[in-house]
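Trainee: Handing you this structure, nothing more for now.
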Amino acid sequence: MQFFALLTRNTEKFSDTDFAPLLPGEAEQRRTLYAEGAVRQVWNRGDIPGSGMMFEAGSDADVRHHLATLPLVKAGMMDIAAIVPLNPYPGFGPKR
């Protein structure tokens, strides 16, 4: 099953200089999750600091487990705004 996770940086408590030391490890962990097949796609948000991540997982709990491995989430610097389960769109299937 696929899930979309929407993440926001906690910029009210942390500055860019606070985030900077953790960004290389954040990128590396996201690459690891991608290589393992848990993450399908990652985007930077265009509206506010944060990102969107498409997951392949068995449950919401699995997604939360993967997100908990990210350095920014561990440090409380990235908030999970939403985890949305996605269902297939039936409009592209065969007409009955």
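Any read-out appearing in this document is the output of simple, stated calculations on the displayed coordinates, not a laboratory observation. Remember, it's a predicted structure, so these values are computed and weren't measured experimentally. Cβ: placed from backbone, ideal geometry, glycine included. Neighbour counts: every protein chain shown.
Trainee: Per residue of the range 44-53, in order, report the coupling 6.51 cos²θ - 1.76 cosθ + 1.60 (Karplus, θ = phi - 60°) as ³J(HN,Hα) in whole Hz, putting x for Gly and Pro.
Mentor: Those phi angles translate into 7, 6, x, 9, 9, x, x, 8, x, 10 Hz.
Trainee: If the elastic network links every pair of Cα atoms under 10 Å, which of 60, 79, 16 fluctuates the most in the Gaussian network model of the chain?
Mentor: Taking springs between Cα atoms under 10 Å, the residue moving most is 16.
Trainee: Ok, one more. Can you tell me the alpha carbon radius of gyration of the chain divided by the globular rule-of-thumb value 2.2 N^0.38 Å?
Mentor: Computed over Cα atoms of the chain, the ratio equals 1.19.
Trainee: Next question. For the chain, what relative contact order do you get, as a whole percent, if you take Cα pairs closer than 8 Å and at least 6 residues apart?
Mentor: Value for the chain: 48 percent.
Trainee: Continuing with this model, one more query. Hey, fewest Cβ within 10 Å first, where do 8, 32, 17 land in order?
Mentor: Result, fewest neighbours first: 17, 32, 8.
Trainee: With a Förster radius of 25 Å, plug the Cβ-Cβ distance of residue 13 and residue 60 into 1/(1 + (r/R0)^6) and report the FRET value to the nearest 0.05.
Mentor: So, using R0 = 25 Å, E works out to roughly 0.45.
Trainee: Still on this model: At most 11 other Cβ atoms within 10 Å and a DSSP loop assignment: could you name the GluC sites (Glu not before Pro) in the range 1-88 that fit?
Mentor: Here the GluC sites (Glu not before Pro) that fit, given the DSSP loop and packing criteria, are 12, 36.
Trainee: Residue-wise, which Karplus ³J(HN,Hα) couplings in Hz belong to the range 11-16, taking 6.51 cos²θ - 1.76 cosθ + 1.60, θ = phi - 60°, and x for glycine or proline?
Mentor: Once θ is set to phi - 60°, the couplings for the range 11-16 become 7, 6, 9, 10, 9, 4 Hz.
Trainee: Residue separation times 0.36 nm, minus the C-alpha to C-alpha distance between residue 34 and residue 82: what's the value?
Mentor: 15.3 nm
Trainee: Of 23, 72, how do they rank once you tally other Cβ atoms within 10 Å and put the fewest first? Working shown, then result.
Mentor: Numbers: 23 12, 72 22.
Going from sparsest to densest Cβ surroundings: 23, 72.
Trainee: Continuing with this model, one more query. Please give the charge dipole size of the chain, origin at the Cα centre, charges +1 on K and R Cβ atoms and -1 on D and E Cβ atoms. Round to the nearest 20 debye.
Mentor: 420
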